[in-house]
Structures are given as C-alpha cells and as structure tokens.
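Any read-out appearing in this document is the output of simple, stated calculations on the displayed coordinates, not a laboratory observation. Owing to the predicted nature of the structure, the values given are computational and were not obtained by experimental measurement. Here the Cβ is made from the backbone with ideal geometry for all residues, glycine too, and neighbour counts use every protein chain on show.
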C-alpha cells in the first residue's frame, strides 16, 4: 500500500513542462524583437494640440524643447549646435529609429527649426513634431 | 545488454533546470526593459536652408506667422481657425499646390503646429515649414 502510494506521488511530481517552455520561449522572442531602447529626452513638455497627428512608429530618439528654449536629449540639456552630433551618435546604435521632437507650446519656432535642421543633417530617416490629441 | 539500453534512456532526460533559469531571467529582463511609448506627431518636411527650393510647376500657398503671432495669407491677417478654409479655397483653385508655413523665429511653436495642422486638415499635399526672413 505504502509503496504504491509513493510510486504514484513520484509520477505526479514529474509534470510535463514542454507547453510552458514553449510559451516562455515565445514570450521571450516577442520581448526581444519588440525591445526598443528609447532614448528619453528627460524633460516633460506641454505639447501643442493637433488633429492630423499620426502614431509614430520606430521612435528611438526623443528631443525636447522647453518653454525657455532649452534643448534636452538623452536626459541632458544640450546646446542646439550639439544636437547633430548627439543624434548621429544615437543613430549609430539604432540606424532605423526615427526622431520625435517634443516642442513645448511656449517654445519659439526658430529653435524648433534649428533642431529640425540639425536632426536632418544628422541623417535621421524621419522626423516628427510631437503633439497631443485635441 | 538490456541494462545498457536502460542507461541510455536515462541519459536522454537532460536536466533542463539551468536553461529554464536563464530563460526566465532573460524573459524578466526584457519584460522590465520593454518600453511601449506611444508618441503622436506631425511628420514634417523642411526645405533645405542652404539650397534654393526646386523649381516646380506646383503653386505654393504661403502662410506666414509674424514675430507677435499674426498669421497672414495673401496679404491679409487671418485667425488660425480660418487657415483651413483659406487653404481649402486655394487648393480648389490649384489642386496640386503645396503649403509652406513661414514662421518667424520668435513666434511660438504652438502657432506653427496649429497652422500646419489646419493646412493638413484642408488636404494639402505637402506642408513644409520655412523661416520667415
């Protein structure tokens, strides 16, 4: 009696782990593929509103322009002339990533255009201005 | 001989526990570092500031924003909400025309984005921005 019970317990203990392993591997592959290491700008801005905005795909670099025309990227405040070098460096890590410029409502158009020029000179595949839903 | 065969069956059961540990640790790492950012934005095209704009047959609709935020089209000062109607009218005359927003460097970017949005709502083929000289 005792030996039969022990044998049954031992059998039950060996659970078939194959389906769980399959699921875990699929989840692992999904997260590896979708992993995008986004370079946050490090500044929270109030975005202008727009109705025709589209969802941006493959965003990898965020550049923020504060209300006082300070330019932030990669969690640091940078000079507007240094944006090109910074974007080039970050693009080398992820060549297909696009750039989104988060300009505050109160920032000046001049600085936004300078940043856009710098980003374009750096060879970013796409540039967009971040907006909020109206 | 039969005993050797049994030993072979035992060897086939590889201990998967270390691999499972590693896989779980990788899974947790990728879950934690996964950032799903959803940015919405206007795609922008900007003419090269160094070279003159290419010669095209298309008529360009100019919308300028002054230093103090006055929007003007065709010599008239208009409200930002009226940009759409004006651009729609000009597009109806010349369907292939594109819109160029000329913003003064000191104007607020909120206004520039607003004008671009209005022009896109009006159905302009291309909206580009330039600096007002």
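Evaluate peptide A:98-111: per residue, the Cβ atoms of other protein chains within 10 Å of its Cβ; return the mean as an integer.
That works out to 5 on average.
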Which whole-percent values make up P(r) of the protein assembly as shown when all C-alpha to C-alpha distances are grouped in 5 Å steps starting at zero?
1, 5, 11, 13, 13, 11, 8, 6, 5, 4, 4, 3, 3, 3, 3, 2, 2, 1, 1, 0, 0
If A:89, A:106 are placed from fewest to most neighbouring beta carbons inside 10 Å, the sequence is A:89, A:106
Degrees between helix A:2-13 axis and first principal axis of chain A (Cα, 0 to 90, nearest 10)
20
Fewest first, what order do A:71, B:59 take by the number of other Cβ atoms within 10 Å?
B:59, A:71
Taking only Cα atoms, what is the 0 to 90° angle, nearest 10, from helix A:109-121's long axis to the longest principal axis of chain A?
60
Ranked on Cβ counts within 10 Å of their own Cβ, fewest leading, A:108, A:76 go A:76, A:108
Zero-based 10 Å bins, Cα pair distances in the range A:60-107, whole percents
27, 55, 17, 1
Could you tell me the center-to-center distance, by alpha carbons, between the range B:75-133 and the range A:25-67 in angstrom?
27
Tell me what chain A gives for mean residue ellipticity at 222 nm when only DSSP H runs of n ≥ 4 count, each as -39,500 (n - 2.57), the sum divided by the residue total, rounded to 500 deg cm²/dmol.
-12500 deg cm²/dmol
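How crowded by other chains is A:55-62, given as the mean number of beta carbons from other chains within 10 Å of each beta carbon?
On the way: counts 4, 7, 2, 0, 5, 1, 0, 2.
Other-chain Cβ atoms within 10 Å of each residue's Cβ, averaged: 3.
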Would you work out the Kirkwood radius for the range A:77-132? I mean one over the mean of 1/r across all pairs of different Cα atoms, in Å.
11.6
Chain A: D in µm²/s via Stokes-Einstein (Kirkwood Rh, Cα pairs, 25 °C, 0.890 mPa s)?
138
